[in-house]
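First the structure, in the form of structure tokens, and then the observations on it.
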Amino acid sequence: MAPSDDKLADTAEKIFLGKGEQPAWLTLALGNRHGLVTGATGTGKTVSLQVMAEGFARAGVPVFAADIKGDLSGISEVGEAKDFIVKRASDMGITFQPDQFSTVFWDVFGEQGHPVRATVSEMGPLLLSRMMDLNEVQEGVLNIAFKVADEQGLLLLDMKDLRAILSFIAEHAAELTTQYGNVSKQTVGTIQRQLLVLENQGGDKFFGEPALALKDFMRTDRDGRGMVNILVADKLMQSPRLYATFLLWMLSELFEELPEAGDPPKPKLVFFFDEAHLLFNDAPKALMDKIEQVVRLIRSKGVGVYFVTQNPVDVPDTVLGQLGNRVQHALRAFTPRDQKLNTAQVITELGKGEALVSFLEGNGTPAMVERIMVRPPSARIGPITPEERKAIMDSSPVKGKYDTAIDAESAYEIIQKRLAGAAAPAGGADGGGGILGHLGAIVGTIFGTNVARGRLSTGQLVARNVTRSVTNQVVGGVVANLGKSVGGSIGGSVGRALVRGALGGLLRR
């Protein structure tokens, strides 16, 4: 038994991960240089992830992590001084000190955590095409649908809005083809069928309002510790593409929303992406280029992204080269790429809880690879009970904010009113813009009516969607003229105000 060493503990500048011949430290100031945790099933990846999450949270850094098997939920409860935990701590010369961390549970299905939603407009055509596995032609038509919706200020909040805009462009395919390129009813029909598949996978629960405000991830508790946000993903993982695209959307939202932070003394948020291979499997080159761009640039926003997967080969070289902090557990076999790293023999000999680690040092260069035993987590290892989960959700800082869905007036209602002729321009005129001008006039009419009735004065619909597309008009105090403005040419002021980001999501400006 090694003598206890109180110096082997997290500090204000670094996280103690474990010990071999030397202690292994992850420097907080370099925590936004991203990282990688790999290893075969049962080798200790989840424990390493939990130790890092605890260290970041202890330092005041909010954490987001997807929990595939439920094991990570134990971070919310006090650790237990079981014999094997106490022995591992003692063997590396530290005293086991039980702890627990403030946790918020999230769940796309709203069953084991607070519901997580995004609007269709925020997701954007690129990620939605990935989610539905559309081919190039189908993706092109979906882009046209978003183009029409964006330029007309139509809010695509949920699945019925997307179905409505797709039906609209199918109905007016001839007119739209001359302006945007070929739009066939057959292609729209195929997209509609893929929407049905996505709906059956739970997409109908994911899209809608109130949509997630990412600032709710960026919290600290009353003790100044970072909140640990856990996405309950056991059911979500039954639809791997939905899971991977959802996490990629979250990354893109962070990238677009957060201000530049340079090199802060510690990250603003650490994001653990479990089963990371699902993000890259069969991804087209255009999407891969965007992923690489987001990973490369999000570091300057103060966000550290840590990919968790079974084998380093799961991550493309262009992304792997950007992951500075690495923890590699045992592999059952090694690849030629591992051979080049001279780790092939050791990597198959590692025992459970052992890892090869290499963290960035003060000058940003990788330290020598060390073989270590990972320290035991301070919180509970393993899942919590349903009763414990309920108690945590009942005291959650976001309780009640997302739990009830809102069916706001959006594209579906607007198009239905157009079809019913409820807002036809006076004198039978079409507003000067054909069918699109007619539609734009209805958008303005409904928006003005909602404002007049007070429906949109304080709701999230204005805060998150409407004001994004009509900022120029609202700030200028000309809401009454919005219908005329939108009903004009396709290249009008609203069209210019709607801007999409690197991965096609709607920017929250």
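Quick notes on this one:
- Scanning the range 182-204 for residues that are small (Gly, Ala, Ser) and more than 21 Å from residue 233 (Cα to Cα) yields 184, 189.
- Candidate set: the range 179-195, residues that are of a type in the set (A, V, I, L, M, F, W, C) and not in a loop (DSSP other than H, G, I, E, B); chosen: the one farthest from the chain's Cα centre (by Cα): 188
- Filter result for the condition that a residue is surrounded by 18 or more Cβ atoms within 10 Å (Cβ to Cβ) and not in a loop (DSSP other than H, G, I, E, B), over 30, 8: 30
- The set of residues from the range 199-211 being touching an Asp or Glu at 6+ places or on another chain (Cβ under 8 Å) and not small (Gly, Ala, Ser) comprises 204, 207, 209.
- Residue 89 meets each of the listed conditions (1) touching a Leu at 6+ places or on another chain (Cβ under 9 Å); (2) modelled with pLDDT of 90 or more apart from (1).
- Odd one out for residue 15 among (1) surrounded by fewer than 21 Cβ atoms within 10 Å (Cβ to Cβ); (2) part of a strand (DSSP E or B); (3) touching a Gly at 6+ places or on another chain (Cβ under 6 Å); (4) not hydroxyl-bearing (Ser, Thr, Tyr): (1)
- Test for residue 397: is it within 12 Å of residue 74 (Cβ to Cβ) and either in a loop (DSSP other than H, G, I, E, B) or open to solvent by 70 Å² or more (accessible area, probe 1.4 Å) (or both): no
- Tabulated pairs, the range 130-159, first of a type in the set (Phe, Trp, Tyr), second open to solvent by 20 Å² or more (accessible area, probe 1.4 Å), C-beta under 9 angstrom, 6+ apart or interchain: 146/500
- Within the range 246-278, the residues that satisfy the criterion of being open to solvent by less than 10 Å² (accessible area, probe 1.4 Å), within 27 Å of residue 12 (Cα to Cα) and not in a strand (DSSP E or B) are 251, 254, 267.
- Residue within the range 45-53 that is in contact (Cβ under 8 Å) with a residue 40 or more places away in the chain and in a loop (DSSP other than H, G, I, E, B) present: no
- Exactly one residue out of 57, 81, 29 is over 20 Å from residue 361 (Cβ atoms) and either in contact with a Leu (Cβ under 9 Å, 6 or more places away or on another chain) or touching a residue at least 24 places away in the same chain (Cβ under 8 Å) (or both): that is 57.
- Filtered residue count, the range 156-167, keeping only those that are in a helix (DSSP H, G or I), open to solvent by less than 20 Å² (accessible area, probe 1.4 Å) and either polar (S, T, N, Q) or under 17 Å from residue 409 (Cα atoms) (or both): 5
- Going through (1) more than 30 Å from residue 195 (Cα to Cα); (2) of a type in the set (Phe, Trp, Tyr); (3) assigned to a helix (DSSP H, G or I) one by one, residue 146 falls short only on (1).
- Failed item in (1) open to solvent by 10 Å² or more (accessible area, probe 1.4 Å); (2) β-branched (Val, Ile, Thr); (3) within 28 Å of the chain's Cα centre (by Cα), with residue 61 passing the rest: (1)
- Evaluating residue 205 against the criteria (1) within 29 Å of residue 57 (Cα to Cα); (2) open to solvent by 30 Å² or more (accessible area, probe 1.4 Å); (3) in a helix (DSSP H, G or I); (4) touching a residue at least 60 places away in the same chain (Cβ under 8 Å) leaves one unmet condition, (1).
- If you check 46, 38 for being open to solvent by less than 50 Å² (accessible area, probe 1.4 Å), of a type in the set (Val, Ile, Thr) and either farther than 30 Å from residue 108 by Cα or in contact with a strand residue (DSSP E or B) (Cβ under 6 Å, 6 or more places away or on another chain) (or both), only one passes: 38.
- Within the option set 211, 170, 164, being in contact with a strand residue (DSSP E or B) (Cβ under 8 Å, 6 or more places away or on another chain) and small (Gly, Ala, Ser) holds for one residue only, 211.
- Of the residues contained in the range 101-124, none is found to be part of a helix (DSSP H, G or I), without any contact (Cβ under 8 Å) to a residue 60 or more places away in the chain, of a type in the set (Val, Ile, Thr) and closer than 23 Å to residue 241 by Cα.
- Condition check for residue 70: in contact with an Asp or Glu (Cβ under 8 Å, 6 or more places away or on another chain) and surrounded by fewer than 20 Cβ atoms within 10 Å (Cβ to Cβ): yes
The values are calculated or read from the model by the stated rules, or taken from the named source; none is laboratory data. On a predicted model such as this, the values are computed, not experimentally measured, just so you know. Cβ coordinates were reconstructed from backbone atoms using ideal geometry, including for glycine residues, and neighbour counts include every protein chain displayed. Heavy atoms of the whole protein, side chains included, go into the accessibility calculation; ligands, DNA and RNA do not. Shrake-Rupley method; radii C 1.70, N 1.55, O 1.52, S 1.80 Å.
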